[in-house]
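Student: One structure, as structure tokens, below. Some questions next.
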Amino acid sequence: MRQGDPISPFLFVAVMEALSCLIDKAMELGIFFGIKLPNDGPVLSHLFFADDALIIGEWNESNAFNIVRILRCFHVCSRLRINLGKSNIYGIGVDLASVGNLAEVVGCKPDSLPFKYLGLKVGANMNRVNNWRPVYDVFESRLALWKSALLSIGGRITLIRLVLVSIPNYYFSLYKAPVKVVKDLECMIKKFLWGETNDIRKTHWVAWDKISTSIKSDRLGICKLANVNKALLCKWGWRYKKDSDNLWVKVVDAIHSGGAGWSFLPTKKSIGGVWNNVVSVINKPIVGNARLRGFLGVRWEGGMISYSGWILG
């Protein structure tokens with residue numbers, strides 16, 4: 001199997017399951033200690049996605065040394081060596097000097113929040129425009145490859161609908177985009193649509209509100225980025241009620257349990273973060289004066305509550 005083979009992620013999932021079992025066994029024996037969430041929440045010890053690993057534990061030397069020993073055992077069994085030189089250690093609520101000292105002993109690199117995991121920034125304030133710079137960079141790199149002057153209006157519309165509008169979806173699916181970010185990205189789309197460049201300005205013959213309407217209305221079918229962002233965030237409310245056994249739902253319940261807020265979704269405003277932004281979007285009217293819970297129905301099926309309805313996009 002060569003590097004980049006499509007089957008490699010599936011093989012990594014199978015192999016990393018063994019490492020997950022090793023960490024669970026270490027926790028069971030009291031060798032490794034994860035983070036116990038409040039309100040009888042779950043214990044967080046590790047998050048794996050293919051070959052990306054995020055190990056979470058209490059801050060002490062013995063905990064760090066034991067996880068290194070577990071990684072060595074994993075290497076002996078699987079022949080997969082974790083490159084500590086490319087790994088980073090982070091301390092939440094720990095001074096940088098302590099992080100550096102432990103990193104030197106373990107053999108990895110010290111770092112601080114925010115950091116990037118699976119292409120998203122963890123620990124960053126996404127209400128700041130400068131933290132959306134990666135999305136801007138992707139937009140600009142794509143537009144640099146395409147010459148709008150060499151494409152017909154139909155070709156530009158196709159690229160906008162299939163590529164440009166979809167680029168920020170990964171960020172939009174988790175973070176509430178600031179108004180300026182949405183305005184800037186749509187400005188790039190409008191300039192590309194009408195064939196503008198840095199040196200040449202052209203007239204926008206049709207208003208953006210008319211262009212960005214449903215294709216069923218005999219329009220171009222280009223979605224407003226703000227509506228895409230709202231639709232993707234509102235889906236978390238749907239997932240919260242449908243996937244109650246998932247780890248992330250248990251984490252939200254543990255952290256936000258007892259908070260004053262909408263009965264549909266628990267929230268503690270004093271904590272802040274991604275989840276509170278999601279709830280704030282869901283609490284706002286979606287269509288007219290209707291809110292998300294107005295589109296959900298509840299029925300009793302075999303001793304369980306089942307939710308049905310629609311998510312508007």
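Student: When both residues are 6+ apart or on different chains and their Cβ atoms are under 7 Å apart, which pairs have a first residue that lies in region 1-25 and is closer than 12 Å to Asp51 by Cα, and a second that is part of a loop (DSSP other than H, G, I, E, B) and of a type in the set (Gly, Ala, Ser)?
Tutor: The qualifying pairs are Pro9/Ala50; Phe12/Ala50; Val13/Ala50.
Student: For region 197-307, which fully contained helices (runs of 4 or more DSSP H) count at least 2 residues that are modelled with pLDDT of 85 or more and more than 30 Å from Asn39 (Cα to Cα)?
Tutor: The qualifying helices (runs of 4 or more DSSP H) are 225-242.
Student: Within region 31-53, which residues are open to solvent by less than 40 Å² (accessible area, probe 1.4 Å) and over 22 Å from the mean Cα position of the chain (by Cα)? Can you show your working first?
Tutor: First, the residues of region 31-53 that are open to solvent by less than 40 Å² (accessible area, probe 1.4 Å): 32, 34, 37, 41-42, 44-46, 50.
Hits for region 31-53 are Phe32, Gly34.
Student: Report the residue count in region 12-30 for those that are modelled with pLDDT under 85 and more than 24 Å from the chain's Cα centre (by Cα).
Tutor: Result for region 12-30: 1.
Student: Considering Lys116, Lys121, which residue is assigned to a strand (DSSP E or B), open to solvent by 80 Å² or more (accessible area, probe 1.4 Å) and not β-branched (Val, Ile, Thr)?
Tutor: Working: Lys121 fails: open to solvent by 80 Å² or more (accessible area, probe 1.4 Å).
On inspection, the qualifying residue turns out to be Lys116.
Student: Given the conditions (1) of a type outside the set (Phe, Trp, Tyr); (2) more than 30 Å from Pro168 (Cα to Cα); (3) open to solvent by 80 Å² or more (accessible area, probe 1.4 Å), which single one is not true for Arg142?
Tutor: (2)
Student: From the set of residues in region 72-87 that are without any contact (Cβ under 8 Å) to a residue 24 or more places away in the chain and open to solvent by less than 70 Å² (accessible area, probe 1.4 Å), which is nearest to Val106 (Cα to Cα)? Before you say what the answer is, go through the steps one by one.
Tutor: Within region 72-87, the first condition is being without any contact (Cβ under 8 Å) to a residue 24 or more places away in the chain, and the residues that meet it are 72, 75-76, 79, 81, 83, 86-87.
With open to solvent by less than 70 Å² (accessible area, probe 1.4 Å) added as a condition, the list becomes 75, 87.
On the way: His75: 16, Ser87: 10 Å.
It comes out as Ser87.
Student: Here is a list of conditions, (1) of a type outside the set (Val, Ile, Thr); (2) exposed (fewer than 12 other Cβ atoms within 10 Å of the Cβ); (3) outside any helix (DSSP H, G or I), and Ala14 meets all of them except one; can you say which number that is?
Tutor: Tallying (1) of a type outside the set (Val, Ile, Thr); (2) exposed (fewer than 12 other Cβ atoms within 10 Å of the Cβ); (3) outside any helix (DSSP H, G or I), Ala14 fails exactly one: (3).
Student: Let me ask something else about it. Do you know which of the residues in region 80-109 that are basic (Lys, Arg) and not in a loop (DSSP other than H, G, I, E, B) is farthest from Ala18 (Cα to Cα)? Reasoning before the result, please.
Tutor: Of region 80-109, the ones basic (Lys, Arg) are 81, 86, 109.
Next, only the ones that are not in a loop (DSSP other than H, G, I, E, B) stay: 86, 109.
Values: Lys86: 22, Lys109: 25 Å.
Ranking the candidates gives Lys109 first.
Student: Would you tally the residues in region 105-129 being in contact with a Pro (Cβ under 8 Å, 6 or more places away or on another chain) and without any contact (Cβ under 8 Å) to a residue 40 or more places away in the chain?
Tutor: 4
Student: In region 92-112, how many are open to solvent by 80 Å² or more (accessible area, probe 1.4 Å), farther than 16 Å from Gly57 by Cβ and aliphatic (A, V, I, L, M)?
Tutor: Kept after step one, since they are open to solvent by 80 Å² or more (accessible area, probe 1.4 Å), are these residues of region 92-112: 92-93, 95-96, 101, 104-105, 109.
Now drop any that are not farther than 16 Å from Gly57 by Cβ, which leaves 95-96, 101, 104, 109.
So of that shortlist, the ones also aliphatic (A, V, I, L, M) come out as 96.
Total meeting the criteria: 1.
The values are calculated or read from the model by the stated rules, or taken from the named source; none is laboratory data. Predicted, not measured: the structure shown is a model, and the values here were computed from it. In this analysis, Cβ positions are derived from the backbone assuming ideal geometry, glycine residues included, and neighbour counts consider all displayed protein chains. Areas reflect the complete protein model, heavy atoms only, side chains present, ligands, DNA and RNA absent. Shrake-Rupley method; radii C 1.70, N 1.55, O 1.52, S 1.80 Å.
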